[in-house]
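The values are calculated or read from the model by the stated rules, or taken from the named source; none is laboratory data. Please read these numbers as outputs of a predicted model, since none were measured by experiment. Reconstructed Cβ throughout: ideal geometry from the backbone, glycine too, with neighbour counts over all protein chains shown. Remember, those area values only see protein heavy atoms, side chains included, never the ligands or the DNA or RNA. Shrake-Rupley method; radii C 1.70, N 1.55, O 1.52, S 1.80 Å.
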Amino acid sequence: MKNSLLIEGGYPLNGRVRVSGAKNAGLVLLVASIMADGETILDNLPRICDVEVMVKILNDVGVNARWNEDGSLSICPPQGHVKVQTSYELSKKLRASNLFLGALLGREREAVVSLPGGCDIGSRPMDLHIKGIQALGSEVEIEHGFIYARAKAPAGARIYLDFPSVGATENIMMMAVKTPGQSIIENAAKEPEIVDLANFLNSMGARVRGAGTDLIKIEGVNELRAGRYAIIPDRIEAGTYMIAAAISQGDVLVENVIPTHLHPIVAKLQETGAMVEETDDGVRVRGGKRVNPVDIKTLPYPGFPTDMQSQMMALLSLAEGSSVIVENVFENRFQIVDELKRMGANIKVEGHTAVIKGVTTLYGARVKATDLRAGAALVLSGLAARGETIIEDAIHIFRGYEKISEKLCQLGAKVK
Ligand code: UD1
């Protein structure tokens with residue numbers, strides 16, 4: 001059963017775990033690399049399914065991307081042109097393939113990317129991406145499920161985003177760094193992955209200022225030169241192991257983290273009663289017998305991340321009292337609820353709000369990972385549950401967590 005995870009619950013996790021590079025930063029940096037002249041080398045890129053799909057898309061458009069023996073990845077765009085259309089077959093496996101829109105426009109002044117359909121966690125429109133690239137001078141047509149964009153006279157512009165979309169901010173940044181003149185993104189996303197993209201682009205000679213605030217200013221340049229760059233650690237993977245420590249009543253040092261990126265998660269974890277301590281090597285989390293109920297609202301960074309919502313729900317299922325979670329970022333991110341209920345959780349959902357009445361015990365069951373973070377939450381529940389949990393469709397989990405079974409087993413979990 002290669003697509004399943006089997007977890008025997010009830011073992012407290014103890015020891016150290018090293019966090020891999022950030023999936024969401026890695027994906028956008030891979031795409032941005034096509035704009036550089038020469039060979040880019042990315043370090044700390046996680047070897048997860050989503051990254052492997054992105055590597056295939058790069059190769060498909062004519063960019064030579066290959067893993068090196070030291071674990072880094074080299075990306076060599078050709079001297080001439082790359083293919084401006086991404087493959088539908090590959091793109092449909094990976095929503096982040098829509099980031100080729102900005103990078104191809106930056107490099108080739110033309111892009112044809114597949115329009116994302118609905119997905120497991122809700123509708124994923126691209127209106128803000130399109131508004132941004134149009135403002136920078138692209139003509140856009142949508143036909144047969146593809147976005148056709150061509151920039152005949154690209155020019156810097158001021159763009160206000162109605163919502164601080166991560167993907168839209170990234171696409172606009174990538175096009176703008178190679179667009180003549182000054183571009184300004186107002187109400188930009190502030191996620192650490194946006195800052196990593198800006199740092200990466202600047203290391204190539206781009207002129208991006210203000211990333212990490214809601215106003216990003218970009219001066220277009222003609223050329224970007226390739227170099228070597230290490231991706232930031234994955235704050236969501238870190239948060240997931242922090243909850244693993246808390247839910248299993250264990251004691252885990254989560255290493256290779258940037259503590260400020262974890263503050264929204266740490267704050268809420270501490271409210272649940274877990275002991276969280278920043279050390280020189282990382283963040284140490286100790287879980288106690290009691291979990292306090294906590295209310296959570298997901299919001300763009302620095303609010304509580306939607307990508308940690310399901311994992312937190314798993315922990316709050318075992319709280320002494322009722323918690324309320326409001327999901328403000330994605331419309332359909334409560335699919336985990338039915339699976340958690342199969343394990344004995346008591347959760348009611350009304351629209352964007354979930355009310356979680358804590359229970360004393362979760363029981364192992366056969367459950368299904370409906371999306372990446374829901375899958376991670378089921379792993380966490382399985383660690384705390386009495387008996388055996390079998391998670392089907394675990395491929396969703398492998399999309400975003402590098403060596404998850406190995407890492408958990410090293411901490412004393414029983415996972416196969
Ligand atoms: C990225 C992350 C994802 C994370 C999300 C929010 C990657 C590869 N994925 O996804 O893990 O959960 O940020 O932190 O980095 N929206 C629009 N119009 C648009 C674009 C977005 O209405 O043009 C809406 C979406 O429907 C959603 C919200 O904005 O409700 C947030 O989406 P966005 O920030 O764009 O997320 P992604 O970049 O897709």
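Remark: spin-label model distance K2-T213 equals 5.0 nm, labels positioned 7 Å along the Cα→Cβ axis.
When both bridge partners sit in the chain, DSSP labels roughly 70% of those beta bridges antiparallel.
Arranged from highest to lowest average of other beta-carbon atoms within 10 Å per residue, in what order do the peptides 35-44, 301-310, 146-155 appear?
Numbers: 35-44: 19.3, 301-310: 21.9, 146-155: 17.5.
Highest-to-lowest ranking by the protection proxy: 301-310, 35-44, 146-155.
Rounded, prolate or oblate: which fits segment 190-259, taking a ≥ b ≥ c as square roots of the Cα gyration tensor eigenvalues, rounded meaning a/c under 1.5, else prolate when a/b beats b/c? Please list the in-between numbers first.
Values: a/c = 5.37, a/b = 2.49, b/c = 2.16.
Cα axes put segment 190-259 in the prolate bin.
Quotient of the Cα radius of gyration of the chain and 2.2 N^0.38 Å, N being its number of residues: 0.98.
Ordering S4, A206, L94 by the projection of their Cα atoms onto the charge dipole of the chain, which places +1 on the Cβ of Lys and Arg and -1 on the Cβ of Asp and Glu, puts S4 at the extreme positive end. When both bridge partners sit in segment 23-230, DSSP labels roughly 75% of those beta bridges antiparallel. The Cα-based radius of gyration of segment 23-230, divided by its Kirkwood radius, gives an Rg/Rh of 0.92.
Across the accessible surface of the chain, with the other protein chains kept in place and a 1.4 Å probe, carbon and sulfur atoms take up 47 percent.
If I take R0 = 45 Å and measure r between the Cβ atoms of K341 and N14 in this structure, what FRET efficiency does the formula 1/(1 + (r/R0)^6) give, to the nearest 0.05? That gives a FRET efficiency of 0.90.
In terms of its alpha-carbon gyration tensor, segment 261-334 comes out oblate; a/c meets the 1.5 threshold, while b/c is at least as large as a/b. Taking only Cα atoms, what is the 0 to 90° angle, nearest 10, from helix 235-247's long axis to the longest principal axis of the chain? Roughly 0 degrees between the two axes.
Within straight-line reach of K414, meaning a Cα separation under 12 Å, sit the following aspartates and glutamates at least 8 residues removed in sequence or on another chain: E8, E388, E406. For segment 283-416, the alpha carbon convex hull comes to 113 Å³ per residue, rounded to a whole number.
Could you state the accessible area per residue of the chain in Å², with a 1.4 Å probe and every protein chain left in place? Don't skip to the answer; put the middle values down first.
Working: 16470 Å² over 416 residues.
Per-residue accessible area for the chain comes out at 40 Å².
Simple point charges give the picture: +1 on the Cβ of Lys and Arg, -1 on the Cβ of Asp and Glu, and for the chain a dipole about the Cα centre of about 420 debye. Both the radius of gyration and Dmax for segment 353-400 are 11.3, 31 Å, in that order, over alpha-carbon atoms.
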